[in-house]
Amino acid sequence: MADTSVWTLSCHDSGSSTSDLAKAAALAGASSGAGFLLYEQTAGRGRRGRQWASQRGGMYVSVLLYPSQPLARWFAMSFAAALAVYDAVTAHLVAQINQHDMHQTGPQIGLKWPNDVLVNNRKIAGILLEAEGDRLIIGSGINIARITHHDDNPHPPIAFGDFPGTLPPPEMLANSYLARLRYYYELCEEQGFAPLRKIWMKHALHIGKTITVCVAGHPITGVCEDIDHDGVLVLLDETGHRHHITTGDVELIGS
């Protein structure tokens, strides 16, 4: 593989954020693959500076990486992280439910562009990428304990605790997630975005569906045709115009 990182996981009780731990470690000379878990974040954050609820009972991890790919190709790491979360959530949630009742129908688990993992159309995780210089920090949070929500988000939070069975400990879930992240990261380092895109498309929830994408506050509605080879969402609106969207919040509004 292109990257010979030594992947580790350092666990801490409480702190501002796992990203802050990773940044401090980078300044101290930590190597690529250094991961940090907090059982509680006091200042967790998500995309666009949003606050990420980080009370005890969740999995909060950041990993420090030094990709060899040019900066313009780092977008692929967002897809790598989403696939890693998808794999970890699927493995542990199915095992949890089967342990309780092996005959119970499993939930629908899938991916929403650009990097959301949805369970029964509800959001179970958050992913944040922060690039600075030659380093990349991937922060991920997975909901384990049940979360109370009060907003009208079209994809409200869901957690392992919303399903029967014994919940996975944060460290166990983190180790599973990091093992899968390492796999996808090294795959991307060696072969680029193409193999990740192929796997991601198998789990995509919105391909061929009508969606609304809010870009800079303006909604665009149309059929999601594809995710192209640069990770861009291709949307065909009712006038026949194709939009190539690089950022935005995707809301499924029909099929």
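All of PRO67, PRO114 fail the test of being touching a helix residue (DSSP H, G or I) at 6+ places or on another chain (Cβ under 8 Å), touching a residue at least 60 places away in the same chain (Cβ under 8 Å) and under 20 Å from ILE207 (Cα atoms), apart from PRO114. For first residues located in the stretch 18-30 and in contact (Cβ under 8 Å) with a residue 24 or more places away in the chain, partners that are buried (at least 19 other Cβ atoms within 10 Å of the Cβ) and in a helix (DSSP H, G or I) and lie 6+ apart or on another chain with Cβ distances below 8 Å form the pairs ALA30/ALA22.
When we screen LEU65, LEU37 for residues that are surrounded by 21 or more Cβ atoms within 10 Å (Cβ to Cβ), closer than 18 Å to GLY126 by Cα and modelled with pLDDT of 95 or more, the only hit is LEU37.
Would you mind stating whether ASP116 is of a type in the set (Asp, Glu) and farther than 22 Å from TRP7 by Cα? If you could, list the steps in order and put the result at the bottom.
On the way: of a type in the set (Asp, Glu): yes; farther than 22 Å from TRP7 by Cα: yes.
So ASP116 passes the test.
Yes or no, residue by residue, for (1) at pLDDT below 95; (2) part of a strand (DSSP E or B):
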site	(1), (2)
MET201	no, no
THR212	yes, yes
GLU225	no, yes
VAL234	no, yes
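Every condition in (1) part of a helix (DSSP H, G or I); (2) modelled with pLDDT of 95 or more; (3) within 24 Å of GLY110 (Cα to Cα) holds for ALA26 except the one numbered (3). Number of residues in the stretch 180-190 that are more than 14 Å from the chain's Cα centre (by Cα) and within 8 Å of ALA88 (Cβ to Cβ): the value is 0. Taking the listed residues GLY208, GLY192, the one that is touching a strand residue (DSSP E or B) at 6+ places or on another chain (Cβ under 9 Å), in contact (Cβ under 8 Å) with a residue 12 or more places away in the chain and surrounded by fewer than 17 Cβ atoms within 10 Å (Cβ to Cβ) is GLY208, with no other qualifying. The residues of the stretch 151-179 that are outside any loop (DSSP other than H, G, I, E, B) and in contact with a Leu (Cβ under 8 Å, 6 or more places away or on another chain), listed by number, are PHE160, GLY161, PRO170, GLU171, ALA174, ASN175, LEU178.
Is one or more of the residues making up the stretch 220-241 closer than 24 Å to ARG73 by Cα, surrounded by fewer than 16 Cβ atoms within 10 Å (Cβ to Cβ), among the small types (Gly, Ala, Ser) and without any contact (Cβ under 8 Å) to a residue 24 or more places away in the chain? Explain how you work it out, then say what you get.
Filtering the stretch 220-241 down to residues closer than 24 Å to ARG73 by Cα leaves 224-235.
Filter once more, so that each one left must be surrounded by fewer than 16 Cβ atoms within 10 Å (Cβ to Cβ): 225, 228-230.
So of that shortlist, the ones also among the small types (Gly, Ala, Ser) come out as none.
Looking through the stretch 220-241, none of the residues is closer than 24 Å to ARG73 by Cα, surrounded by fewer than 16 Cβ atoms within 10 Å (Cβ to Cβ), among the small types (Gly, Ala, Ser) and without any contact (Cβ under 8 Å) to a residue 24 or more places away in the chain.
The values are calculated or read from the model by the stated rules, or taken from the named source; none is laboratory data. No experiment lies behind these values; they were computed from the predicted model shown. Cβ coordinates were reconstructed from backbone atoms using ideal geometry, including for glycine residues, and neighbour counts include every protein chain displayed.
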